[in-house]
Amino acid sequence: MRIYLQALHYEIWEVVCDGPFMSLTKNEVEEDISKPSRQWNELEKRKATLNSKAMNVLFCALDKKEFHRVSSCESANEIWHKLEVVYEGTNQVKESKISRYTRQYELFQMEQNESVYSMYTRFTDIVNTLEAIGKTVSNSEKVKKIIRSLPKEWRPKRTAIEEAKDLNILPIDDLIGSLISYEEDLAAERGNEEKKKSIALKVLKHKSDEESELDEEEMDMQARKFRNFFKKSSERRKFRDLKNRKEKKEVIKCYEHKKPGHIRSECSLLNKLKKKTIVAT
């Protein structure tokens, strides 16, 4: 709004800040009194019109609720002051805000993995708020605060800037540009390191795959050996069982009366017959 009023005419902004133009004249005892408007010349009329123009601009910029707050005001300066009190607070409220945002400024630090652009945006928000409520921060203070807020991994860059530059005259835009350039270099180095790690992991994975293939081949060979061994063992076992069955089947029988368990020369029945024959003889 300040810029808009100044763009219309700088005298309009002066009326908002200093109050409306008052044309004065002298009375009989040489005291200053307001000059009747019918006695104004063209210059006085033009200056008096500036207050009405400023009030009109402010009224048109407000919604219905805000308009009712200031509708009874008689000058643009009065409107502006009432809006300041409503939205910025009294001097006590301003002091409280200054204290709060000053603490934020003092504790400000660049966070881990935060970009320079994001850090500078947060820093600018705090500084702009301080300046809006009456606390001015110089360029050298901003530069030194940003230098101090850098994390540990930025220490080489911080040392280089402090040794090569005069922080009292270094523009903050030059500092931020230098930090962004260094940030891009760090990102490129990290990318190269990650690329090397990725290649190394691929090589290790390839070797691991080859070793696993060799292990699988060895396991297959051992499995084939085991199957062959098991097959041969099974065949030998079958052969023994078959042989035992054959041996069991080939039972000794007596030739004389065809009974198992003995041979003909050991047959008791045959021996009895022989004895009877001998006795008879």
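The values are calculated or read from the model by the stated rules, or taken from the named source; none is laboratory data. Nothing here was measured: the structure is a model prediction, and the numbers come from that model. Note that each Cβ is placed from the backbone with ideal geometry, even for glycine, and that neighbours are counted across all protein chains shown.
Do we have GLU84 as outside any helix (DSSP H, G or I), surrounded by 11 or more Cβ atoms within 10 Å (Cβ to Cβ) and among the charged types (D, E, K, R) here?
No, not satisfied.
Restricting to the stretch 158-188, give me the number of residues that are in a helix (DSSP H, G or I), without any contact (Cβ under 8 Å) to a residue 40 or more places away in the chain and not polar (S, T, N, Q).
Result for the stretch 158-188: 17.
Could you pull out the residue among CYS73, CYS60 that is loosely packed, with under 12 Cβ neighbours inside 10 Å and hydrophobic (A, V, I, L, M, F, W, C)? Break it down stepwise before answering.
Values: CYS73 fails: loosely packed, with under 12 Cβ neighbours inside 10 Å.
Answer to the selection: CYS60.
May I ask you to list the residues in the stretch 121-149 that are crowded, with 18+ Cβ neighbours inside 10 Å and under 19 Å from LEU186 (Cβ atoms)?
Result: ILE146, ILE147.
Look at the stretch 175-224 and say how many of its residues are closer than 30 Å to TYR117 by Cβ and modelled with pLDDT of 75 or more.
15
Working carefully through the options LYS65, LYS97, find the one that is assigned to a helix (DSSP H, G or I), farther than 30 Å from SER181 by Cα, outside the structural domain of ILE176 (by TED's automatic domain parsing) and of a type outside the set (A, V, I, L, M).
Unique residue meeting the criteria: LYS65.
For the stretch 149-176, how many residues are among the small types (Gly, Ala, Ser) and under 16 Å from MET110 (Cα atoms)?
So the answer is 1.
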